[in-house]
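Engineer: Can you keep this structure in mind? I'll have questions shortly.
The values are calculated or read from the model by the stated rules, or taken from the named source; none is laboratory data. As the structure is a computational prediction, the values presented were derived from the model and not from experiment. Note: ideal-geometry Cβ built from the backbone for every residue, glycine included; neighbour counts use all protein chains shown. The area values use the complete protein model at the heavy-atom level, side chains included, leaving out ligands, DNA and RNA. Shrake-Rupley method; radii C 1.70, N 1.55, O 1.52, S 1.80 Å.
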Amino acid sequence: MRRTVFAAVFLVLFLASCAVEGPRALAPSPSRSATALPQPIPQPITRTSPGAQVAWFWTFMQPNNKRALVGVDSGGATVASFDDAMLAPTIGFWRSADGASIYLATLDRITAYSALTGKEERSYTKTPGGIVASAFSPDGRWLALLTPAPEPRIDLLDLRSGTWQSQPAAHDPNAQLPGMGGNIASVVWATLAFADSAHLYLLMDWGGPMRLTSFLIAADKLTQVATAVHGQDGRQFSSCAGPAVATKVVANGEVLVVFCHYDGAVSFFGLTKLTSLAVVQSGQKNPFWLSPIFTPDGQLLYLHNPPDFGDAMQVIDLRTRAMLGPVPTPTKLGDAGPFSWLFPVAYAGGVASTQPISPDGLKLYTDTSDGIVVLRIPDLKPLTKLAPGMSISEIWISGDGRTVFATRGDRKTLVIARDDGSDVKVVPLKAESGGFIASEHG
């Protein structure tokens, strides 16, 4: 879970300078004449395989922090578990784009396991080096990795044929790493994002000077198309003073949206010419407080301040780049949504280490001290409450949207409910949960 992982990072970075390069445009406070929030565009539900309905999460056990990966089905049964001995050599693990497989990487191998049974499906010999960033293509064919040393490069694995290809990844060896100390000569801050299964983007060195590079996959070959860096050709790219960002490509593949976990800034980049379009500063009061939640249709970005830090919600219209809020996260059934005045026609719908949104993009799930509140997109009108009376920490939605999995506040219990609130199960865990393994994460 992002809030768990970055709490430790924050202890390292809390003395880091908040100074950043480039503009920090503040969004004006909206009035009631602001443009209405867009109607959600219902998304097709494609993750229908049995494996995509199984929740996977990692756990750790004190005092020696032994780790495990655990898969639990909708009935509360453990379908598979990978123990600490198996995880010790790993340098990364991910869930596939379709949710049906779990991938584990070591220094010399990447192995796919069934999310339904935990059985090995296929193994690939890995190119040498560590892993800084990873991304699956939407069609599930390609796995892109950023390898940091000795020279950063993009490694692209064809998951069908098992073949690899690589391209150099332009990088400033003197890039700034705010808050980092010690031997950091080989440290690289970078992330990868697919716009579609042919267009790949690399965001590098966001501590300054930020660089954006585009790649094309054509005729099964990866080539670099263009690269742009802050300070060159008049470009002014904003920076992020922490090691974590969340990204999404929107506007039919033409705009990259980047949320900086450190200062809460949301940057917009034009992908056609690799230019900066705008920067919107959210109301994040301290690093790593906000959880970014992109709607699947790419129209909205919700920023959730969790219950421990005020339980509030902001929303950014990614089309107009206007920010609304913060407003208290609604929890009472029957109340109007806090953004209802910007949503003139209301339609009821037919996802942190996760994006707690229904696969069709019509409902957002929020954790509270009194269960899981289901909110309608975009106005956040409460629709129903799942598992009332239980303090909730993190939420994952099954691939078909029919089952909601959540960890309780003590992180030692798993709560499972049908999306209509029925058939609630409480499953004790053998160790403390560290977060879900999701195809999308904040």
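Engineer: Is it the case that the stretch 388-395 has a residue that's closer than 25 Å to residue 264 by Cβ, among the small types (Gly, Ala, Ser) and under 23 Å from the mean Cα position of the chain (by Cα)?
Structural biologist: For the stretch 388-395, residues closer than 25 Å to residue 264 by Cβ, among the small types (Gly, Ala, Ser) and under 23 Å from the mean Cα position of the chain (by Cα): present.
Engineer: Restricting attention to the stretch 416-434, which residues are of a type outside the set (D, E, K, R), under 24 Å from residue 66 (Cα atoms) and either loosely packed, with under 15 Cβ neighbours inside 10 Å or touching a Leu at 6+ places or on another chain (Cβ under 8 Å) (or both)?
Structural biologist: 426, 427, 428, 429, 433
Engineer: Then there is this: Looking at 48, 35, 59, which one is among the polar types (S, T, N, Q), over 29 Å from residue 230 (Cα atoms), open to solvent by 80 Å² or more (accessible area, probe 1.4 Å) and modelled with pLDDT of 90 or more?
Structural biologist: Exactly one residue qualifies, and that residue is 48.
Engineer: Let me ask something additional. What strands (runs of 3 or more DSSP E) completely inside the stretch 90-147 contain at least 3 residues that are of a type in the set (Gly, Ala, Ser) and surrounded by fewer than 20 Cβ atoms within 10 Å (Cβ to Cβ)?
Structural biologist: Filter on the stretch 90-147 gives an empty set.
Engineer: Can you report the number of residues in the stretch 228-244 which are open to solvent by less than 60 Å² (accessible area, probe 1.4 Å) and in contact with a strand residue (DSSP E or B) (Cβ under 9 Å, 6 or more places away or on another chain)?
Structural biologist: 11
Engineer: Right, another one. Given the conditions (1) open to solvent by 50 Å² or more (accessible area, probe 1.4 Å); (2) in contact with a Pro (Cβ under 7 Å, 6 or more places away or on another chain); (3) modelled with pLDDT under 95, which single one is not true for residue 67?
Structural biologist: Failing condition for residue 67: (2).
Engineer: Among the residues in the stretch 282-289, are any surrounded by fewer than 22 Cβ atoms within 10 Å (Cβ to Cβ) and in contact with a strand residue (DSSP E or B) (Cβ under 7 Å, 6 or more places away or on another chain)?
Structural biologist: yes
Engineer: Which of the numbered conditions does residue 216 fail, given that it passes all the others? Conditions: (1) closer than 27 Å to residue 304 by Cβ; (2) surrounded by fewer than 19 Cβ atoms within 10 Å (Cβ to Cβ).
Structural biologist: It fails just one condition, (1).
Condition check ((1) within 19 Å of residue 255 (Cβ to Cβ); (2) open to solvent by less than 10 Å² (accessible area, probe 1.4 Å)) across all residues:
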| residue | (1), (2) |
| --- | --- |
| 174 | no, no |
| 178 | no, no |
| 186 | no, no |
| 203 | yes, yes |
| 207 | no, yes |
| 220 | no, no |
| 226 | yes, no |
